[in-house]
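To start, the structure under review is shown below, and the notes come after it.
The values are calculated or read from the model by the stated rules, or taken from the named source; none is laboratory data. Remember, it's a predicted structure, so these values are computed and weren't measured experimentally. Cβ coordinates were reconstructed from backbone atoms using ideal geometry, including for glycine residues, and neighbour counts include every protein chain displayed. The protein model used for the area step is the full one, side chains on, heavy atoms only, and it has no ligands, DNA or RNA in it. Shrake-Rupley method; radii C 1.70, N 1.55, O 1.52, S 1.80 Å.
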Amino acid sequence: MILYIDTTKNDQVTIIVKDNGAEVVAKSFSAPRQQAERLLPEIDKLLKNKKIKLKDLEKIEIENSGGSFTSLRIGVVTANALGYSLGIPVVGFSGENKVIKNKNSREFSIVEPIYNREPNITVKKQGLGVREK
C-alpha cells in the first residue's frame, strides 16, 4: 500500500491510501495554521478506520513542490520521518529523491522540498502589531 500526502494547497491537506493503483481511502481537511498539529493524527485515524497497519505501507508519495514554505515543509518532513521510521521509500513528484545511509549503513530515501519563492515568514501582516492607546 502507498500513503500519499499533499500539504501544498495552503490550508487544505489531502491524504490517500492506494493499493495496486486503486484508491482505498482518502481524506481532505482544512487545517489553517494547524497542519503540523493535525497531519499525523489524521493519518493515524485514517489508517485505523480502515484497519490498515503502518507495516502494511510499502511507500510514501509526497507533493514536494508548490504551496507555501511552511505547508510544503510540514508535508515533506512528515513523509521523510515516517518513511525513515518505517524503513520504506519516500518519493516526491518533483525533483530527485536522495538515497542516503544512516550510521548503521541502512539505506533510506528522502525527498527535498522544492520552493518556488523565498519564504515571507518575517513579513509583518497588516493589522497585526502593537495597539495604540
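Pairs K18/K48; K27/K55; K9/K53: which are spaced more than 25 Å apart, C-alpha to C-alpha?
Among K18/K48; K27/K55; K9/K53, the Cα-Cα distance tops 25 Å for K9/K53.
Net charge within 15 Å of V24 by Cβ-Cβ distance, Lys/Arg positive one each and Asp/Glu negative one each, not counting V24 itself?
Net charge around V24: +3.
So, with a 1.4 angstrom probe, what is the percent of accessible area on the range 1-84 that is carbon and sulfur?
About 49 percent, which is the carbon plus sulfur part of the accessible surface.
Please work out how much accessible surface S65 shows to a 1.4 Å probe, ignoring ligands, DNA and RNA, in Å² rounded to 10.
My reading of the accessible area for S65 is about 40 Å².
Can you give the accessible area of E112 in Å² (nearest 10), computed on protein heavy atoms with a 1.4 Å probe?
Ignoring ligands and nucleic acids, E112 comes out at about 80 Å².
Would you grab the residues whose amide H sits under 5 Å from the one on G66? Only those 5+ places off in sequence or on another chain, please, with H modelled 1.01 Å from N.
I114, N116
At 1.4 Å probe size, with no ligands or nucleic acids counted, give the accessible surface of F93 in Å², nearest ten.
The accessible area comes out at roughly 110 Å².
Quick one: net charge around I88, please, counting Lys, Arg +1 and Asp, Glu -1 for every other residue with C-beta under 10 Å from its C-beta.
In short, +1.
Sorted by accessible area (1.4 Å probe), largest first, how do I74, I15 line up?
Highest to lowest solvent-accessible surface, that is I74, I15.
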